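The values are calculated or read from the model by the stated rules, or taken from the named source; none is laboratory data. Just so we're clear, the structure is a prediction, and the values are computed from it rather than from any experiment. Ideal geometry is used to build each Cβ from the backbone, glycine not excepted, and the neighbour counts take in all protein chains shown.
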Amino acid sequence: MRVVDLFSGGGGLSLGFKNAGYDIIAAFDNWKPAVELYRKNFCEHPIFEWDLKHSDTADKINQFKPDIIIGGPPCQDFSSAGKRDETLGRADLTIVYSQIISKITPRYFLMENVDRAYKSRVYAIAKEILKDSGYGLTDVILDASYCGVPQKRKRLFLFGELNGVDGALRIIFIKNQSQSSITLRDYFGNKLGVDHYYRHPRSYKRRGVFSIDEPSPTIRGVNRPIPKGYPGHKGDTAVISNNIRPLTTRERSIIQTFPEDFILEGSKTDIEQVLGNAVPVKLAQYVAECINEYLNIPNQVENSLIHSFEKLQKAPVYQDLPLFENS
């Protein structure tokens, strides 16, 4: 299917959907460092540095005739790493996203956000807009560590199908998860060269040292060295020593499941922010493959009927009986 990615950032959603077999035909974002990084890694389609609040946005997107629109509106106003205040303005871009969908009415859409958005006023308004536009909606909160990503990162996904049924994908989204979360050792083996590492906490009330025998905590947009005054925490998996270090930008990129050859050019501050904002590639791929499974259900039913009919024809008890005789 033809896909347009809105609020595309560094391209986590784009790459995940591409890996699942979708045709990414265009992307849009309004932050120059993210646009430049995206452009270096995706040469086969354009990305536009574009304010999606612009009145011409629907026309701009419509020229690509997308079958599905995907996107992750900025989440900082919802996020536990942000101010958790949806009145600051960026949360309104969730409504902008729903308005774009309602104007273009693609057959399908997917919206991603932090799990905290689920109970927000803005999210309720966005869903109402989408329902009024004729979409059947499925929303689910997924933990990335059960979806191929070595990271505890909970994210909200809202899938919509024009003239579809509410909750249609819920079982598929849930049943395809792994039975246990993926640890850094599962994903890296011993490539990191450490058993414990430092991740700067938002406050010293939280731990800062983690083991590679657990999933990484959520990758944030900051990556700081170990401060000289770090007091330690009772939850730390090891005491600070010369064997403990912060993870590198490249290692954090790989935890976000970007490929090892993904181009990371630009200022370190900007790259870290792009990575922290990104949808993990394998989480995006997981969601895309669940959508694939849902879209293939009619084919699976048809194939099952054909297979049953063929077996019926070959069954000895029915060989001499007319199958479609009028009754």
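Could you grab the pairs with beta carbons closer than 8 Å, sequence gap of 6+ or different chains, first residue in the stretch 175-197 and touching a residue at least 24 places away in the same chain (Cβ under 8 Å) and of a type outside the set (D, E, K, R), second one in a loop (DSSP other than H, G, I, E, B) and exposed (fewer than 14 other Cβ atoms within 10 Å of the Cβ)?
The qualifying pairs are THR183/ASP213; LEU184/ASP213; VAL194/ASN243; HIS196/ASN243.
Does GLU302 meet the test of being surrounded by fewer than 19 Cβ atoms within 10 Å (Cβ to Cβ), modelled with pLDDT under 95 and either acidic (Asp, Glu) or in contact with a Gly (Cβ under 8 Å, 6 or more places away or on another chain) (or both)?
So GLU302 fits the description; yes.
List pairs: first in the stretch 256-275 and without any contact (Cβ under 8 Å) to a residue 60 or more places away in the chain and farther than 14 Å from ARG39 by Cα, second surrounded by 11 or more Cβ atoms within 10 Å (Cβ to Cβ) and not acidic (Asp, Glu), Cβ under 7 Å, 6+ apart or cross-chain?
GLU260/ILE254; LYS268/THR249; GLU272/GLY221; GLU272/VAL222; GLU272/ASN223; GLU272/THR249
Can you report the number of residues in the stretch 206-220 which are over 23 Å from the mean Cα position of the chain (by Cα) and either among the polar types (S, T, N, Q) or modelled with pLDDT under 95 (or both)?
1
Return the residue satisfying two criteria in turn: it lies in the stretch 169-205 and is over 20 Å from the mean Cα position of the chain (by Cα) and either of a type in the set (Lys, Arg) or within 30 Å of ILE291 (Cβ to Cβ) (or both), and of such residues it is surrounded by the most Cβ atoms within 10 Å (Cβ to Cβ).
Among residues in the stretch 169-205 that are over 20 Å from the mean Cα position of the chain (by Cα) and either of a type in the set (Lys, Arg) or within 30 Å of ILE291 (Cβ to Cβ) (or both), the one surrounded by the most Cβ atoms within 10 Å (Cβ to Cβ) is ARG199.
How many residues does the stretch 93-142 hold that are over 17 Å from ALA168 (Cβ atoms), out of contact with any Lys or Arg (no Cβ under 9 Å at 6 or more places or on another chain) and among the basic types (Lys, Arg)?
3
Say whether the condition of being touching a residue at least 12 places away in the same chain (Cβ under 8 Å), more than 26 Å from PRO259 (Cβ to Cβ) and not polar (S, T, N, Q) is met by at least one residue in the stretch 143-160.
yes
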